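The values are calculated or read from the model by the stated rules, or taken from the named source; none is laboratory data. Everything numeric here is computed off the predicted structure, so don't read it as measured data. A quick note on method: Cβ atoms are made from the backbone with ideal geometry, for glycine too, and the neighbour counts reach across all protein chains shown. For the accessible areas, the whole protein counts, side chains as well, though only heavy atoms, and no ligand, DNA or RNA atoms are used. Shrake-Rupley method; radii C 1.70, N 1.55, O 1.52, S 1.80 Å.
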Amino acid sequence: MARSLQAIERDIQALAPTDRQQLLRDLIADMDAGEGSESIEHAWRHEAQQRLSELERGNVSASPAPQTFKRARLRLLPIPDSTAE
C-alpha cells in the first residue's frame with residue numbers, strides 16, 4: 001500500500017537541509033527528464049526564436065530589464081481589498 005502524501009512530507013521535513021536539497025534536485029531532474037520534456041523544450045525554443053525575430057524586425061521594442069521587472073512586480077502585488085476594515 002502506498003504511503004500518504006502527508007507521511008512523506010513529514011519524513012522530508014525530518015531530513016537534514018542538505019538531504020532535502022539533494023532530494024529536491026533529484027525530483028526536479030526526474031521531472032525534467034519526464035515524458036514530454038523534449039516537446040516543452042522545443043516549444044520554449046520556438047517561442048524564444050519567434051520573440052527574437054519580432055524584435056529584429058522592429059515589430060516590438062525592448063524595455064530595460066529594471067523597468068520590465070518593476071512593471072511585473074507591480075502586476076503581481078496583491079490588490080488591496082477595498083471591503084476590508
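Brief remarks follow.
- Those residues of the stretch 39-52 which are open to solvent by less than 100 Å² (accessible area, probe 1.4 Å) and either modelled with pLDDT of 90 or more or in contact with a Lys or Arg (Cβ under 6 Å, 6 or more places away or on another chain) (or both), in sequence order: Ala43, Glu47, Ala48, Gln50, Leu52
- Filtered residues of the stretch 19-38 (kept if open to solvent by less than 90 Å² (accessible area, probe 1.4 Å) and more than 17 Å from the chain's Cα centre (by Cα)): Asp19, Arg20, Gln22, Leu23
- Flag if Arg3 is open to solvent by 100 Å² or more (accessible area, probe 1.4 Å), part of a loop (DSSP other than H, G, I, E, B) and out of contact with any Cys (no Cβ under 7 Å at 6 or more places or on another chain): yes
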